[in-house]
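Here is the structure we will look at, set down as structure tokens.
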Amino acid sequence: MSGVWLFLPTTAWDRGESPLQEKQEKLKELKNRIIKERERTKEVAEKEHSIAHQLAHIDEGLKRETAELRELEAKLTRSGERIRRLSREIVVVEGKLQGARTLLAKRLRALYKQGRLGGLRFLLASDGLTGTTTRLKYLMAVASQDKQLISGYTATVSELHKKREELERSKAEITRNQTLAGEKRQEILEEQRVRRLLLARVRQEKAGHMATLKELEEASQELQALIARLKTEETAARRRVLQGEGQTLDGSVFAALRGKLPWPTEGALTSTFGRKEHPRFRTVTFNKGIGIQAPEGRGIVAVHDATVLYADWFKGYGRLLILDHGGGYFTLYAHASELLVKTGDRVSRGQVIARVGDSGSLEGPQLYFELRYKGKPQDPLAWLLPR
């Protein structure tokens, strides 16, 4: 049953008002619900805007991180080049170190062969002061060269050590930056994914509210049109009755038929009067009539003499008949496949007035039947003949 079902047979009839007044009350209720639905739609739209704004910031952040990642990749490339350069330099330094090590070894062997007094013997073996001075200068030059050799060797060892440390730091920095960049990118991508999912859900919710709002607005327009027709047709129908029959229907006769009315159609009882859960909205509602499942095309009869108050399509009910039995008694017949009478017609008890169908129904061919007294819903099973 459409959501309009919730608006037709409710509180206004319960206060004993006419069907026209009931429709006017329902129109007010419908407009109030439209206002609330518009507010909910606005709230969801604002939520959508907020999430979209957040998502835009996330996208900007992702762009920045992507740019930073590209820069980091460039740095990684430069670091790789530096590592390769350092590796080549280390090879050169190792070669220099090997050469220095060889020279130092030769010098140490020579000093070893000379012994502890080798230099002194060399100095004393000179002839005269001039020779001694020359030999002293030579020994000093050799000592200076030895010192430079040792210093160079030490410096080369230190340089090699530093370059190897720099190489290891560069490798560690590359690994760390690669890890951090990957983790950061995954965090942003995950946040983006979550936000997009949330945005999709909000947009789906918004679409649902907009669809409901559209349905309610369409129902409001149809109800307004129905009210306008009822204002004319109700007066015309009663005038035709008075002119054609010379009297109005006697409600006291109908009142005496409690438990004696014929069933409006033959079929299986699918829903009863009272509280039930709505199949579409999952809300607990008060079912004001009964459902009778029957083959499509089976005849629907008037349960008693009446005037046809309404005979037309109504959203949520499909093809709908409302009969006025006089004295404030009304019966309603919904989901017909065909209406055989029109507004203002007089019908008799047992007369076929429509045929079973599934117009406006979500449950296949069936008849939805209501009985009301001064707007108050009555349990149809208490009025129909016992089976």
Inset, instruction - For Val341, state whether it is aliphatic (A, V, I, L, M), surrounded by fewer than 23 Cβ atoms within 10 Å (Cβ to Cβ) and either touching a residue at least 12 places away in the same chain (Cβ under 8 Å) or closer than 15 Å to Pro264 by Cβ (or both). - result: yes
Inset, instruction - Scan Phe314, Phe369 and give me the residue that is touching a residue at least 40 places away in the same chain (Cβ under 8 Å), farther than 18 Å from Phe254 by Cα, outside the structural domain of Glu215 (by TED's automatic domain parsing) and of a type in the set (Phe, Trp, Tyr). - result: Phe314
Inset, instruction - Report yes if Gln98 is polar (S, T, N, Q), more than 48 Å from the chain's Cα centre (by Cα), in the same structural domain as His161 (by TED's automatic domain parsing) and at pLDDT 75 or above, otherwise no. - result: yes
Inset, instruction - Could you tell me which of the residues Ala219, Ala211, Ala181, Ala237 is in a helix (DSSP H, G or I), modelled with pLDDT of 75 or more, surrounded by 12 or more Cβ atoms within 10 Å (Cβ to Cβ) and not β-branched (Val, Ile, Thr)? - result: Ala181
Legend entry - Boolean, Leu362 is in contact (Cβ under 8 Å) with a residue 24 or more places away in the chain, in the same structural domain as Tyr310 (by TED's automatic domain parsing), under 47 Å from the mean Cα position of the chain (by Cα) and exposed (fewer than 15 other Cβ atoms within 10 Å of the Cβ): yes
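The values are calculated or read from the model by the stated rules, or taken from the named source; none is laboratory data. Note that the structure is predicted; figures quoted are calculated from it, not measured. Because the Cβ atoms are built from the backbone with ideal geometry, glycine has one as well, and the counts that use them run over all protein chains shown.
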